[in-house]
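Notes to accompany the following structure.
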């Protein structure tokens, strides 16, 4: 499936053909010596899965896929690439939504390009139950890390729908958010240590489980969210969390978005801990109900808020009291966590949406300041309604973070750019971000000026040029 | 007072005299046009307070003290300095403990040097009660920001003893920790937006109150903790927090450091929120009692842990139950927060220590992994005991962060270096940091190799050179 999505600029370039750039043969010989014959793939069929992202929207070309096993192998691979001028596309679970995990199409560059896949780097260390942390190789999945933590009574603070495939390296390099972010913070804030290979092959390593360590620049924070453009992350030391002893999940049908925002504020003022907070609309809930999920509340409302709350004492009573004191609550339902049926109604959105659009869904991931959320939500709900380019918007998101996933169904493919820009126009007018948690990748490179001014972009380029002067790491990602 | 502390290398350099470097006159004329005559100080008496840190241990020299009022003025000041090659020492509240806030002694450089003081940049914006944030100019104090937040029923998440003087720019540029860090995170994690002037005078500005904004590198996180070496922070948009509705402060005398660590783990497993956690020793408590504070518990113990806990329901009963279930609790006392008398026993340490040493106290601020805390604590308690260089160690700190403030009393001045290195030896052997929350400044430059390897330090220097190629910002800080 090729999407006509205008974000997909790379995949529309004409591939000049499979002829590899000169000089790659020597490099491949060296790379085979480092990682072993079987871990340098050059057969097109074997490479195919590494060259297309999971949505099928982004496709690229590479001279080889290289699968190192250790940090030392990554270091030697990158050093060889630096020596021979080979560009590197770093790939984790390949679950990204902005085309950052696959290489660009062959673009006439005289430099060869490899995909460096972390697929074999799946080691997870022993859990430190006192320091509450665990080290994982870049290719370990979110689900595997959480499982390992769970065996020690702890949990991984990052959770997202792609947990079975998304990797440690991927969530850190994209600074992933997810459903637990309101409580635990983004991926960047959950890193205690990091190991990464710089563009010259040298290994940067901070690997002490120190909460406080003010010795110079926070390089782990710089690498987090840098989307593989500054270094290849090889291992991460993650902080782990104590899951709440008891938690309640409530879904309330509410009259206005403001009611949901107020509910969250009241919850934390009452001493309750907000573990998660999701906003849905009647359009989304109805669609999900059409696909076999039960409606959360008996009475419908224009909006629905799902909150998971924890604390000490009788959380269920406290939650009931809270809902009773919140304006605009039409109907509400409570279940003890994990309340999978209530969560399924929220998590079912993605699939229901994908099945309900006559054209590829235009999926945008934006955020706005909490203050602007009600107005932005209202404006975004009108995109495509009585518009030049009619389409059907379905919004949902992580309300506590001001993060809205904008799904535009039935967009005429030829108008995807206009519709995208109309969403970004609303977002920027409301002081928001064109990328809340998915990153820039290749998809949004054309729009970074909407989120960062010229000085800011120039500063990023200065740092990129200083750490990767030849531009070998993830070419085309973040920067055009 | 001049300390013989060996960390104080700059102040021991011989000042070659007050002769200003050639060419400064033109620059000063330009600077006066930017900030006004009265805000360019060159009179030695007027400058004195800006050239010595509050401990009196660090003294430097400058050709002028320049006090801009706005970001625009800072931008023009820095641009003029860049034009004329004048170096800049950035100063906030001048409460730092590692000599980073005062200029170096005159060092024979042909470049002039000014102190850029943010003392006039004290504006604090309106509190956004929905987005829970407030913008403050760099010179606004921690206390003033907290007061402003308090008027809206919110609180500033950073608190430290120097709250009346420490500034927004200072706490961010040093990535301050403090007593609320276990709950709220370090200064870096409380920044929503930042405005800073780069070395060429251009203004970097990210000023949206977005929790999620994944558009490229996290430059605010890079500037936080960079100690003024990459840019001059002019404004910060801080996240604010909802203070707990109800909290209990308990101090328990315990047999072992492990007991205190276990108490914290049990508290969070029980769903209680740890707002603060401090460790003290009998030596410290006895010293504080000698200076007029009451002992916290009736029965003494070798160690004391102060915890402030919040949650929902009956926190006092929950805390009592928790203490009853913790091993090694000898005696304990509870009071509802703020429990100022219990806190005073902890906060009284600094003054009691300063008054009890026959020589200048060697104060070191280190951290170790939580797992290593008991052993490191024991080893650090033995420094100077039956040693070649006898002295009296008193330790206290933020136990939840693994952060120990090491105070060495009665150190023979000529042995301060040896004693310091003996502490750092214990710290590094335990995988710890030579600077937990105070930073490197000038004091610890000689020891950064203990905390960062060669690749790491080289990477930091690469970033410094890229963003401040002429080394005009805070020369001598962080890098030798």
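The values are calculated or read from the model by the stated rules, or taken from the named source; none is laboratory data. What you see is a predicted model; the values in this text were computed from it and never measured. Virtual Cβ from ideal backbone geometry, glycine too; neighbours counted across all protein chains shown.
Every residue, every condition in (1) touching a helix residue (DSSP H, G or I) at 6+ places or on another chain (Cβ under 6 Å); (2) under 20 Å from residue B:192 (Cβ atoms), yes or no:
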{"position": "A:414", "(1), (2)": "no, no"}
{"position": "A:439", "(1), (2)": "no, yes"}
{"position": "A:450", "(1), (2)": "yes, yes"}
{"position": "A:455", "(1), (2)": "no, yes"}
Could you please let me know if residue A:313 is surrounded by fewer than 20 Cβ atoms within 10 Å (Cβ to Cβ), assigned to a loop (DSSP other than H, G, I, E, B) and within 14 Å of another protein chain (Cβ to nearest Cβ)? yes
Could you please give the count of residues in segment B:275-287 that are without any contact (Cβ under 8 Å) to a residue 40 or more places away in the chain and either assigned to a strand (DSSP E or B) or closer than 18 Å to residue B:263 by Cβ (or both)? 1
Looking at B:135, B:153, which is the one that is part of a strand (DSSP E or B), surrounded by fewer than 24 Cβ atoms within 10 Å (Cβ to Cβ) and within 14 Å of chain A (Cβ to nearest Cβ)? B:135
Could you list all residues from segment A:222-240 that are surrounded by fewer than 24 Cβ atoms within 10 Å (Cβ to Cβ), facing another protein chain (nearest Cβ under 9 Å) and touching a strand residue (DSSP E or B) at 6+ places or on another chain (Cβ under 8 Å)? none
Are any of the residues in segment B:288-310 touching a strand residue (DSSP E or B) at 6+ places or on another chain (Cβ under 6 Å) and in a helix (DSSP H, G or I)? no
Would you confirm whether any residue within segment A:242-249 is more than 20 Å from the chain's Cα centre (by Cα), more than 12 Å from every other protein chain (Cβ to nearest Cβ) and touching a residue at least 40 places away in the same chain (Cβ under 8 Å)? yes
If a residue counts only when it is in the same structural domain as residue B:160 (by TED's automatic domain parsing), within 19 Å of the chain's Cα centre (by Cα) and modelled with pLDDT of 95 or more, which helices (runs of 4 or more DSSP H) contained entirely in segment B:323-433 have at least 2 such residues? none
Candidates B:96, B:108, filtered to the one that is in contact (Cβ under 8 Å) with a residue 40 or more places away in the chain, closer than 25 Å to residue B:75 by Cα, assigned to a loop (DSSP other than H, G, I, E, B) and assigned by TED's automatic domain parsing to the domain that holds residue B:39: B:96
Exclusive hit being free of Cβ contacts under 8 Å to residues at least 60 places away in the same chain and either in contact with a strand residue (DSSP E or B) (Cβ under 8 Å, 6 or more places away or on another chain) or within 14 Å of chain A (Cβ to nearest Cβ) (or both), set B:427, B:362, B:333, B:419: B:419
Working only within segment B:395-416, note down all residues that are farther than 24 Å from residue B:359 by Cα and either surrounded by fewer than 21 Cβ atoms within 10 Å (Cβ to Cβ) or facing another protein chain (nearest Cβ under 10 Å) (or both). B:398, B:400, B:401, B:402, B:403
What are the residues in segment A:156-177 that are buried (at least 23 other Cβ atoms within 10 Å of the Cβ), more than 10 Å from chain B (Cβ to nearest Cβ) and within 11 Å of the chain's Cα centre (by Cα), if any? A:158, A:166, A:167, A:170, A:171, A:172, A:173
Would you call residue A:208 out of contact with any helix residue (DSSP H, G or I) (no Cβ under 9 Å at 6 or more places or on another chain) and either under 30 Å from residue A:69 (Cβ atoms) or more than 9 Å from every other protein chain (Cβ to nearest Cβ) (or both)? yes
Quick one: count up the residues across segment A:279-312 that are in contact with a helix residue (DSSP H, G or I) (Cβ under 8 Å, 6 or more places away or on another chain) and closer than 30 Å to residue B:269 by Cβ. 6
Please verify whether segment A:252-274 includes one or more residues that are surrounded by fewer than 24 Cβ atoms within 10 Å (Cβ to Cβ), in a strand (DSSP E or B) and either away from chain B (no Cβ under 14 Å) or in contact with a helix residue (DSSP H, G or I) (Cβ under 9 Å, 6 or more places away or on another chain) (or both). yes
For segment B:61-75, does any single residue satisfy the condition of being more than 22 Å from residue B:201 (Cβ to Cβ) and touching a helix residue (DSSP H, G or I) at 6+ places or on another chain (Cβ under 9 Å)? yes
Residue list for segment B:94-108, filter: farther than 18 Å from residue B:47 by Cβ and over 24 Å from the mean Cα position of the chain (by Cα): B:108
Given the conditions (1) within 11 Å of another protein chain (Cβ to nearest Cβ); (2) over 16 Å from residue A:186 (Cβ atoms); (3) touching a strand residue (DSSP E or B) at 6+ places or on another chain (Cβ under 8 Å); (4) not in a helix (DSSP H, G or I), which single one is not true for residue B:182? (4)
Could you go through segment A:41-63 and let me know if any residue there is part of a strand (DSSP E or B), at pLDDT 95 or above and surrounded by 22 or more Cβ atoms within 10 Å (Cβ to Cβ). no
Which condition from (1) within 12 Å of another protein chain (Cβ to nearest Cβ); (2) touching a strand residue (DSSP E or B) at 6+ places or on another chain (Cβ under 8 Å); (3) under 22 Å from residue B:211 (Cβ atoms) is the one that residue A:218 breaks? (2)
Counting only residues that are more than 7 Å from chain B (Cβ to nearest Cβ), touching a strand residue (DSSP E or B) at 6+ places or on another chain (Cβ under 9 Å) and closer than 16 Å to residue A:225 by Cβ, which one in segment A:445-480 is surrounded by the fewest Cβ atoms within 10 Å (Cβ to Cβ)? A:468
Just give me the residues in segment B:71-93 being buried (at least 24 other Cβ atoms within 10 Å of the Cβ) and either assigned to a strand (DSSP E or B) or over 24 Å from the mean Cα position of the chain (by Cα) (or both), in sequence order. B:77, B:78, B:81, B:86, B:88, B:89, B:90, B:91
